[in-house]
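Each remark here refers to the structure printed beneath this line.
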Amino acid sequence: MSSMVLVEKRDAVAIITLNRPEAMNALCLELRLAFSQAFRDIQADPAIRVAILTGTGRAFCGGMDLKELASGAPEARGGGAAGGWDMADAMAAFEGPIIAAVNGYAITAGFEMALACDFIIASTDAKFADTHARVGMMPGWGLSQRLPRLIGIARAKQLSFTGNSITAARAYEWGLVNEVVAPDDLLPTCRTVAADMASTVPAVLRGYKRLIDEGYGMPFAEAMRHEVAVAQEFARRVVVEGIAARREGVLARGRTQSKATRED
């Protein structure tokens, strides 16, 4: 895998780090491809239940590599030029929670990447900005839809229409991030939260994330019906699997007793 994306696995948690600090972790093609592969790999690893996404240097992610895109080379626009669609698909395919550990600047596509995580924990050094309107591009990775739902439509419009940045403290005040911690505490805090999540029942953790995400896009009454249906199906499956396990246990004991009888 490219050195532009580092993957550390510790118990049931994977830390994925964007590692292009000299370019503020801007999303060049090589990084985008490595990023997508990293998420496909952790999804394929049954031991990994939670992911943490962060960056090296002074940026979480400075957005798309505009110099590379401006070169006009067709390969530079691979993997979803407008916003890293293959990256978005790879993140969405990971069934466990994803924590954004925003260590510094999260700008435009980098902001979208953070929003694509399940929630954000930020360093006091973090800053968030949507500069699509300034660079002449439209968002294609969910920023225009996710941001208003998190901080309100008026605040989202102000942020996106000006291209101005907000601090971690303001992001916390607006409900964009869950916690703001000192830079040295960022990864330890995220690891602790991730470990707590990883200690829960694996199937329920995956299913609960899916249930919340599916219901969030539904009208409330429909979402309530959906929750009941999912709960009933889960309970039915647990009962069926429990009966099957008990039956197998009885059969196994019977085979052991039969063997012991024959040996006697």
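Couple of notes before you dig in:
- Only residues that are within 17 Å of residue 136 (Cα to Cα) and either modelled with pLDDT of 90 or more or not assigned by TED's automatic domain parsing to the domain that holds residue 185 (or both) were counted in region 42-86, giving 4.
- Listed by position, the strands (runs of 3 or more DSSP E) enclosed by region 1-60 that each have at least 1 residues that are under 21 Å from residue 128 (Cα atoms) are 13-18, 50-55.
- Of the set (1) touching a residue at least 24 places away in the same chain (Cβ under 8 Å); (2) closer than 23 Å to residue 8 by Cα, all apply to residue 165 but (2).
The values are calculated or read from the model by the stated rules, or taken from the named source; none is laboratory data. None of the values given here were measured: they were computed from a predicted structure. Note: ideal-geometry Cβ built from the backbone for every residue, glycine included; neighbour counts use all protein chains shown.
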